[in-house]
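Each remark here refers to the structure printed beneath this line.
The values are calculated or read from the model by the stated rules, or taken from the named source; none is laboratory data. All values reported here derive from a predicted model rather than from experimental measurement. Note that we place each Cβ from the backbone using ideal geometry, even for glycine, and neighbour counts take in every protein chain shown. Just the protein is used for accessible areas: all its heavy atoms, side chains included, with ligands, DNA and RNA removed. Shrake-Rupley method; radii C 1.70, N 1.55, O 1.52, S 1.80 Å.
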Amino acid sequence: MYKRQIQQLTEGAKLIGSGNLEHRINLQNQDEIGELANTFNRMTSQIQDFTQNLESKVEQRTDELNQSLKIVQDLKERQDGDYYLTSLLLQPLQPNNNYAKYVKTEFLIDQKKKFSFRKWKSEIGGDICITDTITLQDQEYTVFINGDAMGKSIQGAGGALVLGVVFNAGLMRTRISKNQKVYPEVWLKERFLDLQNVFRSFEGSMFISICMGLIETNTGVMYYINAEHPWTVLFRDGKASFLEEELTIRKLGTPDIEEKFFVRLFQLMPEDIVITGSDGRDDFAQEEDDPNHETINTDERQFLYRVEEAFGDLEKISEGIKSKGVLIDDLSLLKISYDPDTSHSKYLPLPDLPSQFRETEKVIADGTVDETILSIELLLKENPNFSDLLKSLGRLYFEAKDYTRAVECLTQFSFIDPTHNESIYYLSLAYKKLNLLNDAADVGERLYLRDQLDYKNLLSLAEIHFELGIYKRAEFLTEKALEIKSDDPIALELFHKIESMKTGLTPVS
């Protein structure tokens, strides 16, 4: 009996195993063999149900997956639509509108995020370049800015959009005549504050590095700032070098950087090329011997080699970077080429001057100012292209207390050579002596934006603002002067005068 039940169970299991899911093992006894038979029957039923409903279950699951995929595709299409809209908004905000005759500009932008939206292919990122041409103080300037906003894709693009809108608004305001009567240093400070105030309002959620500047198209003098941007590159005579050596201004959006602001000056020579670029020029992954292992480039001088190899050509520079590794960040490059008319008076051979005309300080010390003025005036008529004569003449007129003539000569000289800080200082002093205090302040502030540690200008500018009744500015400048020379009697006296004005007391003379 027991043996026959085992045989029946075995035969039933074989039938089920061969695929006959209709078969059931018919054992009614209540012992272990009967329980085993019931387990086989339940298992066979479950397999039969699963097999019969498998196709419908697969169809159901496929429908669910397709629905999820459709939702993902819809979300991606919306995201790509947002990307595309943002890229369209960015395009008109980064024009190359420079039309200067002697200063040429071009740029290359290769954003890391590439995408397709319907029939369009585009890219999006946080890099931006803008150039234009403006007039300040009746002089033509090429404007340039290269920015690199924090974050990838849409976040970075948001920062680039903010910069583009704010900076272009500043350019539009400049074209109103009253905004053209400022010095280039002051113009750069205004644009810097425009941008800093906006990015500061994001309270740490958005930062941007920039290189921004102006190039006086007739003289080739470049006024610029670098706010935690990769170093600016000069390509001259086949060699590339960095114009900066240290970080002085942090990214826009960083708190309390306003007083760190200062303007760098650089004299471009004929055929010079200046290139500024974003972090992408240095950030690329290099393949090692092991194809599964990559290292990130940390040698910023690699970019100098790429510039030299490409002889300043942006497309070839980009190709050279990519030949060394894979870009891992947005890449933007802005190139400025200076190619003036070398027949311009600035580039004519200059006459040799007798030493007594070159050594202005010695003339002043010897007390031969009046005679030397007459000699230089005669020499200037014979050599009108020799700008250094104007510089010497302006200084000598100042010593002779002919401040009106000093202003004329020093103003004229500053248009020819705006890099000479001493002449700017004496121009401010001459205005001060003529009691043209607003003009004196404007010129003095121009020099302050170049060099905040020029002690003579600090003290003079503090006195000018005190006379104008701008006591807060006078106090700030006086305190900076005292940081340099804490025992200077003139600075201390001015400080006490300011303190007396603040407390309503009569200043002690």
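Values for this structure:
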| quantity | calculated |
| --- | --- |
| Members of the range 395-409 that are of a type in the set (Gly, Ala, Ser) and crowded, with 18+ Cβ neighbours inside 10 Å | Ala406 |
| Qualifying residue in the range 457-473 (condition: among the aliphatic types (A, V, I, L, M), under 27 Å from Asn218 (Cα atoms) and out of contact with any Pro (no Cβ under 7 Å at 6 or more places or on another chain)) | no |
| Test: Gln412 is open to solvent by 20 Å² or more (accessible area, probe 1.4 Å), in contact with a helix residue (DSSP H, G or I) (Cβ under 9 Å, 6 or more places away or on another chain) and in contact (Cβ under 8 Å) with a residue 40 or more places away in the chain | no |
| Residue among Leu327, Leu331, Leu304 that is open to solvent by less than 10 Å² (accessible area, probe 1.4 Å) and either among the small types (Gly, Ala, Ser) or farther than 18 Å from Asp237 by Cβ (or both) | Leu331 |
| Residue ranges of strands (runs of 3 or more DSSP E) in the range 85-188 with at least 1 members aliphatic (A, V, I, L, M) | 103-110, 120-124, 127-136, 139-149 |
| Within the range 78-135, considering residues that are among the small types (Gly, Ala, Ser) and under 16 Å from the mean Cα position of the chain (by Cα), the one modelled with the lowest pLDDT | Gly125 |
| Tabulated pairs, the range 254-265, first closer than 23 Å to Gly159 by Cα, second surrounded by fewer than 16 Cβ atoms within 10 Å (Cβ to Cβ) and of a type in the set (S, T, N, Q), C-beta under 7 angstrom, 6+ apart or interchain | Lys260/Thr248 |
| Every residue from the range 177-190 that is modelled with pLDDT under 90 and surrounded by 15 or more Cβ atoms within 10 Å (Cβ to Cβ) | Asn179, Gln180 |
| Scope the range 269-288; condition more than 25 Å from Ala227 (Cα to Cα) and open to solvent by 50 Å² or more (accessible area, probe 1.4 Å); matching residues | Glu271, Gln286, Glu287, Glu288 |
| Selection count where residues are among the hydroxyl-bearing types (Ser, Thr, Tyr), open to solvent by less than 10 Å² (accessible area, probe 1.4 Å) and touching a helix residue (DSSP H, G or I) at 6+ places or on another chain (Cβ under 8 Å), scope the range 127-176 | 2 |
